[in-house]
Amino acid sequence: VSTQSTGTLKSGDHILVCDDVYGGTNRYFNKVVSNFGISISMVDPIDLAKFEAGVQENTALVWLETPTNPTLKIIDIAAVCEMINRKFEGKKKPIIVVDNTFATPYFQRPLALGATLVLSSVTKYINGHTDVCMGVICSNDTALTEKLRFLQLAVGPAPSPFDCYLALRGARTLHLRMRQHESNSIAIAKWLETGEKSRFVKKVIHPGLPSHPQHELAKRQMKGFSGMLSFVIDGGIAEATLFLQSLKIFALAESLGGYESLAELPSVMTHASVPPEQREIIGISDSLIRLSVGIEEPEDLIADLAQAFDIVYNKKK
C-alpha cells in the first residue's frame with residue numbers, strides 16, 4: 001500500500017512524514033523512495049507549528065500514522081488537514097495519507113476528519129487471524145481512486161482470491177475482536193501503571209490512560225482503542241531481553257493485531273533499521289517493549305507478565 005501511495009508522485013516532489021512511523025515505512029521512504037529524486041522530511045507532528053514549518057512548496061504527500069508505532073503518539077488529523085488546506089488554498093493540495101493500522105476503521109475514521117487517503121495493513125487487525133498478508137487503501141476522491149486502481153494493475157500488488165476470502169472472513173468479526181482487544185489492553189496498561197509489578201515499570205504508554213499526553217485528543221478523535229501498548233521496563237536491553245524470553249503466553253514476534261498476544265523489542269526488531277540517533281529522538285530505547293494484546297483471558301495475560309517480571313528481577317537480585 002505504501003508503494004501505491006508514492007506511485008502518484010514524481011521526481012522533485014517532497015514528502016512530509018511524521019517522525020514516528022512503522023520501521024518498514026521509515027526504511028521505505030528514506031532508503032528507497034529517496035533514490036528517485038523525491039525528498040523526505042520527518043517531523044514531530046504533535047507540535048503543529050513545527051510540523052507546519054516542515055511543509056514545502058513542492059510538498060506533494062503528507063504521511064501521518066496515528067496512533068504512531070511504537071510510541072503511540074496521537075496526531076490531530078483534523079488540525080493537520082486544516083493546516084494543509086490553508087497553506088495550499090488556491091493551489092494543488094498535497095495528498096494527506098493516514099496509516100490507520102493501529103486504530104482500525106472500527107475505532108477511527110480519518111476520511112471524515114479530512115484525510116485524502118486512508119491505508120491499513122489488512123494483515124493486522126482487519127484480518128485478525130495471522131494468516132493473510134495484504135493492505136488496503138480507501139479514498140473519497142474518485143479521480144485519485146481511479147489512478148490508484150491503474151497503479152495496482154500496472155505495478156501488480158493484487159491479492160489472491162483466497163486471501164480476499166480470508167480477509168473478508170476476518171472483517172466480519174472486527175467489531176467483536178476490537179472490543180476485546182481494547183478491554184484487555186486497558187486492563188493490562190492499568191496493571192502495569194499501578195499494579196503489584198509497577199515498580200519494575202518506568203513508563204506505560206496507552207492512549208486510553210489519563211496519563212497519556214494526548215488522552216483527551218484520543219477520546220475526541222477515536223471511539224475506542226486497540227490492543228497496542230508500550231512500556232519502558234526498569235533497566236536496559238538485558239532486562240528487556242530476559243523479560244521477553246520469559247513470557248509463556250505472549251509470543252515474541254514483530255507482527256500485531258491478531259487474536260494472539262505478541263511482544264517485541266522495537267529497537268532490535270521492528271525499528272532496527274531506524275538510525276540509532278533517530279530512535280533516541282523518537283523515544284525508542286532498548287528498554288521500550290511493545291505489546292500487541294490479544295483476545296485471551298486478561299487474567300491469564302497479566303499472570304504471564306507478572307511471572308516474567310519475577311524471573312527478571314529475582315535473577316537480578
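The values are calculated or read from the model by the stated rules, or taken from the named source; none is laboratory data. Owing to the predicted nature of the structure, the values given are computational and were not obtained by experimental measurement. No Cβ is skipped: glycine too gets one built from the backbone with ideal geometry, and neighbour counts run over all protein chains shown. Accessible surface areas use protein heavy atoms only, side chains included; no ligands, DNA or RNA. Shrake-Rupley method; radii C 1.70, N 1.55, O 1.52, S 1.80 Å.
Check off (1) under 22 Å from Ala263 (Cβ atoms); (2) touching a residue at least 24 places away in the same chain (Cβ under 8 Å); (3) open to solvent by 30 Å² or more (accessible area, probe 1.4 Å) for Glu193 and give me the number that stays unchecked.
(2)
Would you mind finding the one in Ile46, Ile40, Ile74 that is part of a strand (DSSP E or B) and within 22 Å of the chain's Cα centre (by Cα)?
Ile40
Pairs, please: C-beta under 6 Å, at least 6 apart or cross-chain, first residue under 16 Å from Thr270 (Cα atoms) and in region 52-74, second of a type outside the set (A, V, I, L, M) and open to solvent by 30 Å² or more (accessible area, probe 1.4 Å)?
Qualifying pairs under 6 Å: Asn69/Tyr22; Thr71/Gly283.
Quick check on my filter: what residues within region 258-304 are surrounded by fewer than 16 Cβ atoms within 10 Å (Cβ to Cβ) and outside any loop (DSSP other than H, G, I, E, B)?
Val268, Pro276, Glu277, Gln278, Glu280, Ile281, Glu299, Asp300, Ala303
Let me spell it out: the conditions are (1) at positive phi; (2) crowded, with 23+ Cβ neighbours inside 10 Å; (3) of a type outside the set (Phe, Trp, Tyr), and Gly37 meets all of them except one. Which number is the exception?
Looking at each condition in turn, Gly37 falls short on (2).
Return the total of residues in region 173-211 being under 15 Å from Leu305 (Cβ atoms) and in a loop (DSSP other than H, G, I, E, B).
Of the residues in region 173-211, 4 are under 15 Å from Leu305 (Cβ atoms) and in a loop (DSSP other than H, G, I, E, B).
Looking at (1) free of Cβ contacts under 8 Å to residues at least 40 places away in the same chain; (2) assigned to a loop (DSSP other than H, G, I, E, B); (3) open to solvent by 10 Å² or more (accessible area, probe 1.4 Å), which one does Arg86 not meet, given that it meets all the others?
The failed condition is (2).
Determine whether Lys93 is surrounded by fewer than 19 Cβ atoms within 10 Å (Cβ to Cβ) and either in contact with a Cys (Cβ under 9 Å, 6 or more places away or on another chain) or among the basic types (Lys, Arg) (or both). I'd like the intermediate steps shown before the answer.
Working: surrounded by fewer than 19 Cβ atoms within 10 Å (Cβ to Cβ): yes; either in contact with a Cys (Cβ under 9 Å, 6 or more places away or on another chain) or among the basic types (Lys, Arg) (or both): yes.
Here the answer is yes, as Lys93 does meet what is asked.
If I filter region 20-30 for residues that are basic (Lys, Arg) and either in contact (Cβ under 8 Å) with a residue 24 or more places away in the chain or crowded, with 18+ Cβ neighbours inside 10 Å (or both), do I get at least one hit?
If we filter region 20-30 for residues that are basic (Lys, Arg), which is where we start, we get 27.
If we keep only those that are either in contact (Cβ under 8 Å) with a residue 24 or more places away in the chain or crowded, with 18+ Cβ neighbours inside 10 Å (or both) too, we end up with 27.
Yes, region 20-30 contains at least one residue that is basic (Lys, Arg) and either in contact (Cβ under 8 Å) with a residue 24 or more places away in the chain or crowded, with 18+ Cβ neighbours inside 10 Å (or both).
Only residues that are aliphatic (A, V, I, L, M), farther than 30 Å from Lys31 by Cβ and part of a helix (DSSP H, G or I): list them for region 239-257, please. Working first, answer last.
Keep residues of region 239-257 that are aliphatic (A, V, I, L, M), which gives 240, 242, 244, 247, 249, 251-253, 256.
Cutting the leftovers down to farther than 30 Å from Lys31 by Cβ gives us 242, 247, 249.
Leu242 - this is the single residue of region 239-257 that is aliphatic (A, V, I, L, M), farther than 30 Å from Lys31 by Cβ and part of a helix (DSSP H, G or I).
Kindly evaluate Phe243 against the criterion of being touching a residue at least 24 places away in the same chain (Cβ under 8 Å) and among the aromatic types (Phe, Trp, Tyr). It would help to see each step written out before you state the result.
On the way: touching a residue at least 24 places away in the same chain (Cβ under 8 Å): yes; among the aromatic types (Phe, Trp, Tyr): yes.
Yes.
Got at least one residue in region 305-317 being outside any helix (DSSP H, G or I) and open to solvent by less than 40 Å² (accessible area, probe 1.4 Å)? Break it down into steps so the answer makes sense when it comes.
Pass one, region 305-317, residues outside any helix (DSSP H, G or I): 317.
Narrowing further to those that are open to solvent by less than 40 Å² (accessible area, probe 1.4 Å): none.
Within region 305-317, none of the residues are outside any helix (DSSP H, G or I) and open to solvent by less than 40 Å² (accessible area, probe 1.4 Å).
So, Ala154, is that one over 19 Å from the mean Cα position of the chain (by Cα), of a type in the set (Gly, Ala, Ser), at pLDDT below 95 and not in a strand (DSSP E or B) or not?
Values: over 19 Å from the mean Cα position of the chain (by Cα): yes; of a type in the set (Gly, Ala, Ser): yes; at pLDDT below 95: yes; not in a strand (DSSP E or B): yes.
Criteria met by Ala154.
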